[in-house]
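Quick note: the coordinates plus some simple rules give every number you see, no bench work behind them. On a predicted model such as this, the values are computed, not experimentally measured, just so you know. So basically every Cβ, Gly included, is an ideal-geometry build from the backbone, and we count neighbours across all protein chains shown.
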Amino acid sequence: MGALTLSPNITTWAITALATLGVILRPFSWPEAIWAVLGAGALVALGLLAPATAWAGVLKGTDVYLFLVGMMLMSEVARKEGLFDWLASIAVRAAKGSAARLFTLVYLVGTVVTVFLSNDACAVVLTPAVYAATKAAKVENPLPYLFICAFIANAASFVLPISNPANLVVFADHMPPLMRWLTLFALPSVLAIVTTYAVLRLTQAKSLRGQSVATDVEAASLSRTGLVAGIGIVATGGVLIGASALGLDLGLPTFVAGLATTIVVLLLKRGGLVEVAKDVSWSVLPLVAGLFVLVEALEKTGVLAMLADLLKGYAHAAPTETAWGAGGLIAVLCNLVNNLPAGLIAGAAVHTAQVPEKVAGAILVGVDLGPNLSVTGSLATILWLTAIRREGQDVGAWTFLKLGLLVMPPALVLALAGLLLV
């Protein structure tokens, strides 16, 4: 009887593992979304997950879908209206022919974008701007600069609650007030950002030494519609901070801001809707939906309850050791199942177990920073990968992992140490 009871669970775990592996390795070069959707579909087709339960899982991602659509619309409009080309010309002239200075400028801008617009926005909005900058600067190898967009999107994603949608998932109704948040995470964030910069700078030093950065870059003019797109992005940052302060979901405000910006630009241009809609990376939405369904299936197998019981027992017996262990474990787990579902599972376990604040904080650091290990560790990195592919660039899973193994562990250790010292 025990074996019969376990067999559906084992099958569910196997399908989830295979679907996740498909997302990571992309067999046959099929998009990540196909593997997530196939996995979700297989669970329903085999009767392991009721259609109504699967649909409930899809609906849990509504806030994330709205957030992504708003950001992707704004980014695409801004790209088409030349905002990124204009910003690129400013950055390249400020670099004054120095590859190292351009690298630092991009890192600083990436930090600001992640903190105030979120890590997903950094991947969607900043990546095309950085590529435009390297193109304007006649840089032969843009990857050292593009890597910044991927790594800072995660490293700076716990400065503020809005810096990563996963923060809202982990803490949910138990979100600390802003000043308490800053007390907890200011030092860990600084340590993560500085360490990530130092390791990236060292690992990319050879490539940067061989790079020449053009100094004769003409100042690009900013069109009226490009200015509107820029204002829309800045206004969205303000809306997100306000929504976060009020404890509101971020998806709907971001969607409304992105849609309003797009409509105003298209009205001023008197057309262009089809071109914008055609170039938005819509495949990200079924990918996220599939991941939510996979998490729903895992929850039905009792994994969540087991994790909550384990976490509760260890957290109350040895909170400091549990914080270290949980932060490190969830950081690795994020790279096996993506940090969005990992955050959902961890967040639910945290709420059920009612763990001490430091343990919850360590789990959040792991969820946010851990994905810097692999190319599919976070939604932001997948969005980044989609963005660079559009520009004719690509980074394999192994190439990213080799760099991630150098970048992520020291940043994670120092961030957790900073959290536990506060």
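A few notes on this one:
- Label-point separation in nm, Arg101 to Leu266, each point 7 Å along Cα→Cβ: 4.2 nm
- Degrees separating the helix 83-95 axis from the principal Cα axis of the chain, which is the longest one: 70 degrees
- Checking the Cα-Cα distances for Lys138/Lys269; Lys60/Lys80; Lys96/Lys206; Lys312/Lys402 against a 26 Å cut-off, the pairs over it are Lys138/Lys269; Lys60/Lys80; Lys312/Lys402.
- Pairs of Cα atoms nearer than 8 Å and 6+ residues apart set the relative contact order; for segment 303-407 it is 30 percent.
- Applied to segment 26-32, the Karplus parametrisation 6.51 cos²θ - 1.76 cosθ + 1.60 on θ = phi - 60° returns per-residue 3J(HN,Hα) values of 6, x, 6, 6, 6, x, 4 Hz, with x for Gly and Pro.
- Once both labels are positioned 7 Å from their Cα atoms along Cα-to-Cβ, the gap between Ala317 and Ala205 label points is 4.5 nm.
- Residue order, fewest to most surrounding Cβ atoms within 10 angstrom, among Asp394, Asp120, Asp249: Asp394, Asp249, Asp120
- Three-way shape call for segment 257-357 based on the alpha-carbon gyration tensor, with the a/c threshold at 1.5: prolate
- Shape of the chain, Cα gyration tensor, a/c cut at 1.5: prolate
- Separation of segment 231-300 from segment 342-389 is 20 Å, based on Cα centroids.
- Based on Cα contacts under 8 Å between residues 6+ apart, segment 201-283 shows a relative contact order of 27 percent.
- Shape category assigned to segment 222-287 from the gyration tensor of Cα positions, a/c cut at 1.5: oblate
- Note on Asn141 and Leu25: the extension gain reaches 39.3 nm, defined as 0.36 nm multiplied by sequence separation minus the Cα-Cα distance.
- Counting other Cβ atoms within 10 Å as a rough exposure proxy, the listed residues Phe116, Phe158 run Phe116, Phe158 from fewest neighbours to most.
- Principal-axis tilt of helix 339-353 within the chain, Cα atoms, nearest 10 degrees: 40 degrees
- From phi via Karplus (6.51, -1.76, 1.60), per-residue ³J(HN,Hα) for segment 354-367 in Hz, x at Gly/Pro: 6, 7, x, 4, 5, 5, 4, x, 5, 5, 5, 4, x, 5
- Taking 0.36 nm per residue of sequence separation and removing the Cα-Cα distance, the Glu357/Val274 pair yields an extension gain of 25.1 nm.
- Structural descriptor for the chain: relative contact order 25 percent, calculated from alpha carbon pairs under 8 angstrom and at least 6 residues apart.
- Amide H contacts under 5 Å for Asn164, placed H, 5+ residues apart: Asn119
- Separation between Cα centres of segment 1-73 and segment 129-174, rounded to whole Å: 26 Å
- FRET efficiency, 1/(1 + (r/R0)^6) with R0 56 Å, evaluated for Leu259 and Ala14 via beta carbons: 0.85
- For Thr386, the shell of other residues with beta-carbons less than 14 Å away shows a net charge of -2, using +1 for Lys and Arg and -1 for Asp and Glu.
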